[in-house]
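> Attaching a single structure in structure tokens format; questions to follow.
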């Protein structure tokens, strides 16, 4: 049921739309960043880096709107929870954007000498994280609590994959001296992707609060 | 845009009509007042003849040692006759009679009243202003034409000659007619006064107030606050409203039939007149009181009830005091109406010639408007000015009562 | 945590029209309970059942059980005047009597025969005015007309008047709706102080007021009790969707 006050309804809808937009840009960024790692395409990397400003802009716009509504509308119940969570979620989304930028920055500088299996492993890690992010964003907009809790658990997988990748990179680095700058870059990329997983988990916690009115303490 | 001009000119025209209406009303009221005042003002003065009085003990049955009671009962007629002889020498019998007629018929009463206060004057001569007869009074005031044939005049030629003589000797004077305010009614216009009627009306109104106000107040309070709305209450309300419009003579019949016929109350007394007026005023008071009670906002009642006051406490501590200004105003206006009524009093006999001033509500009396009516019906010329004077007095009382209504209302009114 | 008033299966009809539909609601002692809901939902009607002010309305019929301190308030043994001494009421539009400030407060104690001694009555009046937060402003003019005060002061006078008869419960029917924001916040502050000594049940149109002032909130809709509970819960995560929609302004 919409709010009786049309302006208020429009404001809430506007925040929703901006969140959706932020989400869709991030998904695109994710897939582009991973492509950069695979293809080392500098132009694509620049595109990713530039697009990040869009995410920051949306962050500010949503933040302003939320601030205004709190001041003027005395939001209650589900509106209040939505606004409260939105502020935290946009922070996490913005950080995800920053990490994707880092992935792109580091990605195109990595040399072409890297063994394929490392790249493949990185791609699997990236793919899982990207899927987790995609599912998380859907969950945010659908507000399904069961999914939120399940998605949060997938972070363990991401963390394990990252740990394993680091091991592989380190052992390759031991055998190849000239690999150190690349390995540092690879580690940073993997770390970035792993952090994204953490932020997505945060977002799912907020969604839990949004739906239930309290945090999942289990 | 043109609409504005039309509307403004309509405004101006409307205001103009209003002003014209107000002006015309003021004009007519002024004419009425001028007419009444000019006719009635004469009643406040009476013509006197300066006469030397010799209190001849031989013509009197009493002396300075007699008691007041004896003096009141004694006849001063002979003394009065003696005074005329004393003042006008060598009169034929016919002339004597004519001169005696120039003095008030109450000549002897005037002498007696003077003697009562000044018993030591016996055997002495004093000069007193004795009232002229009504006919002479009217001639002097110019209400009777002089230049008509004798047969058409009340004053004959001989009397006119004496009058002119006395006038030239400056013995014809005019004094303030206090008798108008201190005497009761009389056959002789010059001595007729309005006090009897005023007292009669006063007693009647007092009885009316004492009867109608408490009953009216409590009946209204009961009907308005304590009865449940329903067909019965509606019926009562319709009946009361209709009673207010019933012609006053019907209440007179009620008084005649019930008070005098069934309860055998005395005829012609202010008690019965007052009760009859009370019946008539009761609906007015009830209507005024009920509408005042209705005007009190329910929030006052709720406030009191919510504190734990009973319905009776709420009504009498809060609602009735707030309704009092309106009720009092309605009551006083009802009294003013009752003051001016003749028809109900007619049926119970209070429209009749009563000479004595009533001492209480059980003495025979007449009312002020009735007195005016009786005077207006009289053949004597002297009563014309008395009628107008009576009307002036009645109007004065009505104005005073209405002013009192306004002042009392202002004083008792509480702002809420 | 004891219930001072408990109601069970309360139904109220105005003639043929049903205004309250089988409501059971309890009120805790020394707590502020707010009744909220859209216009015409029956909250004022329900409030008036508690001090039997609905008795004054001819066509109003109240059924069900209402207990105060375990006594049925509609039983024949209860004198309604005594009940109203125990349960006071403050109305939406301040309605001080057109008498002096002193007499306004003293009226209740007088008719209930608290005392005939002048100095005792003075003390009762002063205490009540102090408790209502009005004494300082009117102490020099206790003989002035109650109606000469400002709106907010008049309402505090009405509160003092209600307090003077030493009630246990104070019912407030939208007490601030006719007042400006400062006067409103003074009264809200007062309510928070008063709950130490009295149980307060307040009907309000303002959700924000209910959120600020009450410990418990009950949401009424079309004569039904939809939800009741701790105020914080009702305003952050109500159980019932209708409650949520009303609170967030999706209908009303």
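> Could you list all residues from region C:108-120 that are touching a helix residue (DSSP H, G or I) at 6+ places or on another chain (Cβ under 7 Å), within 11 Å of chain B (Cβ to nearest Cβ) and either in a helix (DSSP H, G or I) or without any contact (Cβ under 8 Å) to a residue 24 or more places away in the chain (or both)?
Residues satisfying the conditions are C:108, C:109, C:111.
> Determine which single condition residue A:136 fails, assuming it passes every other condition in (1) under 30 Å from residue A:1 (Cβ atoms); (2) under 17 Å from the mean Cα position of the chain (by Cα); (3) free of Cβ contacts under 8 Å to residues at least 40 places away in the same chain.
Residue A:136 satisfies every listed condition except (3).
> Do you know which of the residues in region C:52-61 that are farther than 16 Å from residue B:310 by Cα and in contact with a strand residue (DSSP E or B) (Cβ under 7 Å, 6 or more places away or on another chain) is nearest to the other protein chains (Cβ to nearest Cβ)?
Per the stated criteria, the residue is C:59.
> OK, next. For region C:143-161, does any single residue satisfy the condition of being touching a strand residue (DSSP E or B) at 6+ places or on another chain (Cβ under 6 Å) and surrounded by fewer than 18 Cβ atoms within 10 Å (Cβ to Cβ)?
Among the residues of region C:143-161, at least one is touching a strand residue (DSSP E or B) at 6+ places or on another chain (Cβ under 6 Å) and surrounded by fewer than 18 Cβ atoms within 10 Å (Cβ to Cβ), which makes the answer yes.
> From A:189, A:151, grab the single residue that is part of a helix (DSSP H, G or I) and more than 22 Å from residue A:24 (Cβ to Cβ).
That would be A:189, the only listed residue that is part of a helix (DSSP H, G or I) and more than 22 Å from residue A:24 (Cβ to Cβ).
> Could you name every one of the helices (runs of 4 or more DSSP H) located completely within region B:319-416 that has at least 2 residues being touching a residue at least 60 places away in the same chain (Cβ under 8 Å) and closer than 30 Å to residue B:139 by Cβ?
B:368-377, B:382-412
> Could you check region C:98-107 and list, in sequence order, the residues that are within 7 Å of chain B (Cβ to nearest Cβ) and modelled with pLDDT under 95?
C:98 - this is the single residue of region C:98-107 that is within 7 Å of chain B (Cβ to nearest Cβ) and modelled with pLDDT under 95.
> Looking at region C:72-86, which of its residues are within 9 Å of chain B (Cβ to nearest Cβ), closer than 12 Å to residue C:53 by Cβ and touching a helix residue (DSSP H, G or I) at 6+ places or on another chain (Cβ under 8 Å)?
C:80, C:84
> Does residue A:66 qualify as being away from chain C (no Cβ under 14 Å), more than 23 Å from residue A:130 (Cβ to Cβ) and in contact with a helix residue (DSSP H, G or I) (Cβ under 6 Å, 6 or more places away or on another chain)?
Taking the combined requirement at face value, the residue satisfies it.
> Criterion first (touching a helix residue (DSSP H, G or I) at 6+ places or on another chain (Cβ under 6 Å), within 25 Å of residue C:2 (Cβ to Cβ) and either within 12 Å of chain A (Cβ to nearest Cβ) or not in a strand (DSSP E or B) (or both)) does residue C:196 satisfy it?
Considered against the rule, which asks whether it is touching a helix residue (DSSP H, G or I) at 6+ places or on another chain (Cβ under 6 Å), within 25 Å of residue C:2 (Cβ to Cβ) and either within 12 Å of chain A (Cβ to nearest Cβ) or not in a strand (DSSP E or B) (or both), residue C:196 comes out as no.
> For the list (1) within 14 Å of chain C (Cβ to nearest Cβ); (2) without any contact (Cβ under 8 Å) to a residue 24 or more places away in the chain, I need the number of the one condition that residue A:116 fails.
Result: residue A:116 passes all but (1).
> Filter region C:227-247 down to the residues that are more than 7 Å from every other protein chain (Cβ to nearest Cβ), closer than 14 Å to residue C:34 by Cβ and either in contact (Cβ under 8 Å) with a residue 24 or more places away in the chain or part of a loop (DSSP other than H, G, I, E, B) (or both) and list them by number.
If the condition is that a residue be more than 7 Å from every other protein chain (Cβ to nearest Cβ), closer than 14 Å to residue C:34 by Cβ and either in contact (Cβ under 8 Å) with a residue 24 or more places away in the chain or part of a loop (DSSP other than H, G, I, E, B) (or both), then C:228, C:231, C:243, C:246 are the ones that fit.
> Here are B:113, B:85: which of them is in a helix (DSSP H, G or I) and within 27 Å of residue B:156 (Cα to Cα)?
Sole residue among the options that is in a helix (DSSP H, G or I) and within 27 Å of residue B:156 (Cα to Cα): B:85.
> Hey, another quick one. Within region B:303-318, track down each residue that is crowded, with 20+ Cβ neighbours inside 10 Å and more than 11 Å from every other protein chain (Cβ to nearest Cβ).
Listed by number, the list holds a single entry, B:315.
> Sort out which residues of region B:292-302 are within 11 Å of chain C (Cβ to nearest Cβ) and either part of a helix (DSSP H, G or I) or touching a residue at least 40 places away in the same chain (Cβ under 8 Å) (or both), and write them in order of number.
Residues satisfying the conditions are B:297, B:298, B:299, B:300, B:301, B:302.
> Among the residues of region A:1-41, how many are within 14 Å of chain C (Cβ to nearest Cβ), surrounded by 15 or more Cβ atoms within 10 Å (Cβ to Cβ) and assigned to a loop (DSSP other than H, G, I, E, B)?
The total comes to 1.
> Of the numbered conditions (1) surrounded by fewer than 22 Cβ atoms within 10 Å (Cβ to Cβ); (2) not in a helix (DSSP H, G or I), residue C:172 satisfies every one except a single condition; which is it?
(1)
> Next question, about the same structure. Looking only at residues that are part of a helix (DSSP H, G or I) and at pLDDT 85 or above in region B:42-77, which one is surrounded by the most Cβ atoms within 10 Å (Cβ to Cβ)?
Filtering first and then ranking leaves B:43.
The values are calculated or read from the model by the stated rules, or taken from the named source; none is laboratory data. In this text the structure is predicted, and so the values were computed from the model without any measurement. A quick note on method: Cβ atoms are made from the backbone with ideal geometry, for glycine too, and the neighbour counts reach across all protein chains shown.
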